[in-house]
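See below for the structure under consideration.
Derivation of every value follows stated rules applied to the coordinates shown; laboratory data play no part. Worth saying up front: this structure is predicted, and the values here are computed from it rather than measured. Cβ sites come from the backbone with ideal geometry, for glycine too, and all protein chains shown count toward neighbours.
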Amino acid sequence: MRSSRRGFTLIELLVVIAIIAILAAILFPVFAKAREKARQTSCLSNLRQLATGILSYAQDYDERFPIAATWCNWGNVQFNRQYMQQTQPYIKSYQLFACPSMNTRNCYNGSITHFAVNVWIDQGLLPANFVLSYGYGECMMNSWRNGGAVNEMQAAYGTAPGAINNARGEYKLATATVPAQDVVIADSCGLANNGWRIGWANECAAECNAGRMVDQNTRHNGGGNICFADGHAKFMNARSCVSAMHTAPVSVGLGVGGWGNGLW
């Protein structure tokens, strides 16, 4: 008996191709989210290790955190070293400052702005391949301000609750009232000084452009990672970053900056 062999018809092939295309459309976004979740976890691990180094620094400096002047205000290579340099003896790895999900920003190697990465690399004070993805809290960085800072706070915030108290000078962990809410470092497109920069860390000026407040411009699946002064780090949804800025009190003495109005 002779057997007959029958191939696929064109319709059958098209149906199979359509099914594969549908499955791919369903699964590829799932795979992309899973991959980004892994990067988010890696970033959170970076922040926790950085937090350990910063807290070790604080223990050696009478519980004071790294301070500096905002580089735009005082571009002094000799005296105005930034947080990533001050803490390096404790962190011992420059690679931890790079978030795996950061898109390319404006400074060398795609680093974020406001921390003079170009200057430090040109001066040979940072490795040529250094990448900075995490912004330091501007209020924390400027907490050394006192005296004239009171007038600055009044000019900026009038009689807002906490405005004067927040200009009392250098932040110390021993006197922090709510260290679990004091932002130290975070995913950010520059200085970590408002919720928009952290929430939409892969895009600049989301605050003034609602069209940029989309998940594609967040660092990780709709939000960003933040490290606080008590050493814990966590993920926060982008819009939660903004709402927290207006509702969560920070420690007295946290200094001057976008979050120096008694809220962060």
Exercise. Which of the lysines could a cross-linker bridge to residue 33, judged by Cα under 24 Å and excluding same-chain residues fewer than eight apart?
Worked result: 234
Seminar exercise, completed: Note to self: C-alpha centroids of the stretch 77-145 and the stretch 169-242 sit apart, in Å, by 17 Å
Seminar exercise, completed: When 26, 121 are arranged by how many other beta-carbons sit within 10 Å of their Cβ, fewest first, they go 26, 121
Exercise. By its C-alpha gyration tensor, with a ≥ b ≥ c as the square roots of the eigenvalues, how is the stretch 11-247 shaped: rounded for a/c under 1.5, else prolate for a/b larger than b/c, else oblate?
Worked result: prolate
Seminar exercise, completed: Sorted by chain and then number, the residues having a modelled amide H within less than 5 Å of the amide H of residue 184, at least 5 places away or on another chain, are 227, 228, 229
Exercise. Say the dipole of the stretch 1-97 comes from +1 at the beta carbon of Lys and Arg and -1 at that of Asp and Glu; which of 42, 26, 61 then lies farthest toward its positive end?
Worked result: 26
Exercise. Arranged by the count of other C-beta atoms within 10 angstrom, fewest first, what order do 28, 115 take?
Worked result: 28, 115
Seminar exercise, completed: With residue 102 itself left out, Lys, Arg at +1 and Asp, Glu at -1 over residues whose Cβ is under 9 Å from its Cβ give +1
For this session: For residue 37, go through the aspartates and glutamates and keep the ones whose alpha-carbon is under 19 Å away, minus same-chain ones fewer than eight residues off.
Result: 187, 215
Exercise. Which of the peptides 128-136, 33-41, 202-210 is most tightly packed, and how do the rest follow, going by the mean number of other Cβ atoms within 10 Å of each residue?
Worked result: 128-136, 202-210, 33-41
Problem set entry | Segment residue 180-residue 62, extension gain: residue separation times 0.36 nm, minus the distance between their alpha carbons | 40.6 nm
